[in-house]
Amino acid sequence: MGNCCATTGPLVDTNSNKKKGKKNKAIPYSADEYGVTHGSTTFKLQVLNELTGRDISAQYDLGREMGRGEFGVTYLCTDPNSGEKFACKSISKKKLRTAVDIEDVRREVQIMKHLPKHPNVVTLKDTFEDDDAVHIVMELCEGGELFDRIVARGHYTERAAAGVMKTIVEVVQMCHKHGVMHRDLKPENFLFANKKEASPLKAIDFGLSVFFKPGELFNEIVGSPYYMAPEVLKRNYGPEVDVWSAGVILYILVCGVPPFWAETEQGVAEAIIRSVIDFKRDPWPKVSDNAKDLVRKMLNPDPKKRLTAQEVLEHPWLQHAKKVPNVPLGETVKARLKQFSVMNKLKKRALRVIAEHLSVEEVADIKETFDMMDTKQRGKITLEELKAGLQKLGQQIPDADLQILVGAAGGDGDGTLNYGEFVAVSVHLRKMANDEHLHKAFAFLDLNKSGYLEKEDLRDALNDEVDPCSEEVINAIMHDVDTNKDGRISYEEFAAMMKAGTDWRKASRQYSRERFNSLSMKLMQVVAT
């Protein structure tokens, strides 16, 4: 693992997940085991290279919880001396299960420090790290998510969409100018600084961002499906992917639904590869030709022909944003945006439950299975050992599928899996077998254990996600997810919702990369034909 035992310096090569063809290595133990004894001294993992300090409580008071993600919790944070309020993202080291996860956190901080101060990018204030967590103190944004602000307004127009798009592309342009590719542009990653009407819109999340050099190509499948460029699925991409994602946001801003949509993840991916844009649905017929022209040029499937961020800003629709038609786009668009936003919040809540329920017992069980298969005690298993072990456990997996999984999990080309790589395969196989994680999430959200999600369950689940969580919001979700219209959501209906375009970056990018390798191969066949 390179310098995993050192107290300073990178835990992995900082370029390990950039170059095409490189493999990511999983760390086969939780963060509290990342220490080793040298003489009488035990060295603990240090994630960040440059710190403000180790004891965050010496400078800040952590208050109420504001949000929770797969790796940590965001708290309201107050400087007791000045009274100034910030947001503190506290990332548990126990949740950083792989070298890639650790490098993500390190690089996110590096990128926030590297980017110049910008009115539309959240500002990094301080960084702290103790034995248990990394604490990132940032500018506080209390104005709410982009779509929520649009829905709250009584009047939404094409001109308003142009103003929002100009801001988003200016952020992209600034990032690219400074050698940063965002890779996860989506409406949820933009918040308003405050509740005022003239509040600036701020990019808040650089967790998937990477540094890049001109001509450098990347091969990791990361991001969220609706916003993913076709070349990401082909595992050969550069900063042009950010313009594509911004183009998807523009399409949604104007009509309320994503341009590439399907009931399944593979369906979404195939729609992206086809790249057919529908300008017939309402309200596109009454939208200006300039807006449609910009969408086409931002969503060009050929990255070489796609507009750059600078060219997008020079497009007539944005050059004359204040002259764009101020005609309302209609209540239908607002209703779609609200529905789209709230449904994502319910999915995020369920995915959070899944992440929180990846238990120590589950990891221990996987370790026990690995030790059982590793008959020669070499710390790695062959394809034959994997197959034999799975047969003992009652799982019959075709050889071709096993070879895909072994190759995608990050093996060195010798046909073996180390423990960390086996974890990635195991999580995938377990999910394929019985969707146990979705069952856990459903059971957690089902408060009265009736076997169904009812309105009260939704209200409780979304209490922290939607403010206020109105009856209208609950009814909108129930209307969409309850397909048999019996007034409640069954497990099957819940699972169908979760599988319709959920986030493709699951508990870690190691898992995401493994899971979608076979999907990419299928998509390459689509491209070839």
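Only the coordinates and a few stated rules stand behind these numbers; no lab work does. The model shown is predicted, which means the values in this text are computed figures rather than measured ones. Reconstructed Cβ throughout: ideal geometry from the backbone, glycine too, with neighbour counts over all protein chains shown.
Report the per residue volume, in Å³, of the convex hull enclosing the C-alpha atoms of the range 146-338. It would help to have the intermediate numbers written out before the result.
Values: hull volume 21.9 nm³, N = 193.
About 113 Å³ per residue, rounded to a whole number.
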So who's got an amide H within less than 5 Å of the one on V121, skipping anything under 5 residues away but keeping other chains? H placed 1.01 Å off N, in plane. A203
Place +1 on the Cβ of every Lys and Arg and -1 on the Cβ of every Asp and Glu in the range 31-139, take the dipole about the Cα centre, and give the residue among T52, T74, V121 whose Cα lies farthest towards its positive end. V121
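DSSP loop trypsin sites (Lys or Arg not before Pro) in the range 141-225 with at most 10 other Cβ atoms within 10 Å of their Cβ, which ones? Working shown, then result.
Details: sites: R149, R153, R159, K166, K177, R183, K195, K196, K202; in loops: R153, R183, K195, K196.
The qualifying sites are K196.
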Backbone HN-Hα couplings from phi across the range 175-182 [Karplus 6.51/-1.76/1.60, Hz, Gly and Pro as x]: 4, 5, 4, 9, x, 10, 9, 6
Which of K85/K117; K95/K234; K93/K117; K113/K380; K113/K177; K166/K195 have a Cα-Cα distance over 27 Å? K95/K234; K93/K117; K113/K380
